[in-house]
Amino acid sequence: MSGHVATVARKEFEDAGRSKLLWGLIGLLVGLVVVGYVAIWYTADDVNAAEVLNFVATPLQVILPIAALIAGYMAVVGERRSGSIKLLLGLPPNRTDVVFGKLLGRIAVVTAAVVLACLVSLVLGAVLFGSVPLVDWLGFAALSVLFGAAFAGLAVGTSASVSTRGKSMAIVVGTYMILIALWELLTAGPYYLVYGEGPPVEAETWYLLVEQFNPIFAYTNTVSNVVEGSVFPFQFQYGLQSFEAYGMTPAERYPGDAPFYLQDWFGVVVLLCWMAAPVAIGYYRFRKADL
Amino acid sequence: MTAIETSGLTKTYGELTAVDGLDLTIEEGEVFGFLGPNGAGKSTTINMLLDFTRPTAGSASVLGYDAQTEADEISPRVGVLPEGFDIYPRLSGRRHLEFAIQTKDADDDPDRLLERVGLSTEDAGRPAGDYSKGMRQRLATGMALVGSPDLLIMDEPSSGLDPHGIREMQELVRTEAERGTTVFFSSHILEHVEAVCDRVGVLNEGELVAVDSIEGLRESIGGGATMELTLSASATGYREVATGIAGITEVAVSGRTLECTVTDPAAKASVVTALDDAGARIEDMRIEDVSLETLFTALTNGEADATPERQTSGVAVESGVAE
């Protein structure tokens, strides 16, 4: 690293900040939070702001990954295809600065989206429900930033490891589809084949471990611990698991004291892995690439 | 110290050899033109100097630093105008320059840079995505000049520029050279190179086929020039005058025209003076150089367009002024 990470990140943030598509998604996110809060205020009696906060996780869960993936899947490969990377690398920043500067820049964009949505929820919570659940709110915002950063890492890492936009898009969209729509088939399906039955509540340990490696579960499991009530993962369900199991975290399903890797906080490690692993692969491949 | 040195620099893509054992030395302060038809390997060579592409064999050093292992030492000291680059469409021209200034830790004034490359303040405020090809080229040139680099590496700097822009670009290269900057630039158009270069290297199919000054190259293929003088009256009586001048090998007369074959460039002026002294009135004059196109064709096995080019100029003869 030659110390230009911050300069590149700032340029990236500014550049992404001019994307209308990204602002559209952030607007949609904020709009959904507003609509949700007003609807809850209108229909429910006797709730406080802390109990409403978990609602914000629903639009965030869906829109944040999409926004992060859109903001990031072209980060490096887009510049390779257009040729602007030559202008950038002709200046003092080197390839390391480019990958990590871009990662930081895109994480900053995601953070801005989360902060905006959370600020709106904080203000609406105070105005409509008359309280400011600051501790819950801070924990929630921090986990949401990490959740967004995981997808930003996935996208930027992918964009650094391939040589065409099409490949980057295919990997990013494919991964997202697996996480949101095919996860149960890919985890509970093999379980069914091995044991002749779908995973029960008290499923085998390996299954519980694999299942929570989905960043969406990692997010909802951890967030459920910092806000009132629980947050349900937004997922396609195939009914391969027992119905009861869907709303439970691996720690709750484990008979007795769960090992550390099944504890709810382990979700933070999972999210960090989703951010770091693609970036590590992308960085390694990009360093060796002929541009 | 040498500005650029390559030894046995080779790049292959599968079966294809893009650059084949290139040995090249460019001294500090030199303006070096890197010539060759499209696809000759010029950009691949430049990409290896800038660590965009890694050589299959051989090595390259820039300003004394290894182009691969010490690339971080090189980039702050060079200005780069790459080939096939693009700008950031959403960022303004000024923001591009500011970014270059930040990364180079320089204190250049963006307005001064804009002026040098011929972009207006209004243009600089607009998103660079609205720029024409020529404006993008100008912006990137401005970015390359940031931090007064010791070496300018420009890949096809005249692409996308109109004749006026090309002249400005040549002017800029001259100014930089006077400042002591080494300039290494590539082109597939000879006139762009001959106007500003101290030496040229000709690359063909990945191999260096010649390195010399323009004059040296001309001589090496035995080239001279033809000078055609039109007098106010019959030229017959002046034939002896022209033949008597050293450097003129042959004189043909037809009507009012004298056609001289010139081997020494200085002889051109002598002919004019001698004829004038002898009382002849020169009405018009044409000089046909052995065009570089011909030279190029000879060096690159006739792969370039073989049509010889006519260069005509007025009485003040300076064959190096290219449009």
Practice problem: Could you work out the Kirkwood radius for the protein assembly as shown, taking every pair of different alpha carbons, averaging 1/r and inverting it, reported in Å? | Solution: 28.9 Å
Practice problem: Quantify how much of the Cα-Cα distance distribution of segment B:33-152 extends past 21 Å, in percent. | Solution: 44 percent
Quiz item: Between chains A and B, what is the buried accessible area in Å², counting both sides, with a 1.4 Å probe and ligands, DNA and RNA left out, to the nearest 100?
Solution: 2600 Å²
Quiz prompt | Whole-Å distance, taken between Cα centres, linking segment A:212-251 and segment B:46-103 | solution = 48 Å
Exercise. Determine ³J(HN,Hα), in whole Hz, for all residues of segment B:255-272 in sequence, where each value follows from phi through the Karplus function 6.51 cos²θ - 1.76 cosθ + 1.60 and θ = phi - 60°; x replaces Gly and Pro.
Key: x, 8, 10, 10, 10, 10, 9, 10, 9, 10, x, 5, 5, 4, 5, 4, 4, 4
Practice problem: Enumerate lysine pairs in segment A:5-176 that are 8 or more residues apart or on different chains, then count those whose Cα atoms are under 17 Å apart. | Solution: 4
Practice problem: Grab the alpha carbons of segment A:137-291, take their convex hull, and tell me the volume per residue in Å³. | Solution: 125 Å³
Quiz item: Expressed in nm², what is the orientationally averaged projection area of the convex hull enclosing the Cα positions of segment A:181-267?
Solution: 5.2 nm²
Quiz prompt | 222 nm mean residue ellipticity, helices alone, for chain A (DSSP H n ≥ 4; -39,500 (n - 2.57); rounded to 500) | solution = -23500 deg cm²/dmol
Quiz item: Given a cut-off of 30 Å, what percent of all Cα-Cα pairs of segment B:2-218 lie beyond it?
Solution: 20 percent
Quiz item: Rank B:D109, A:D97 by accessible area, highest first, at a 1.4 Å probe radius?
Solution: B:D109, A:D97
Quiz item: Counting every Cα pair in segment B:224-289, what percent are over 15 Å apart?
Solution: 39 percent
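The values are calculated or read from the model by the stated rules, or taken from the named source; none is laboratory data. Every value quoted in this text rests on a predicted model; they were computed, and no experiment measured them. Keep in mind that these areas ignore ligands, DNA and RNA; they rest on the heavy atoms of the full protein, side chains included. Shrake-Rupley method; radii C 1.70, N 1.55, O 1.52, S 1.80 Å.
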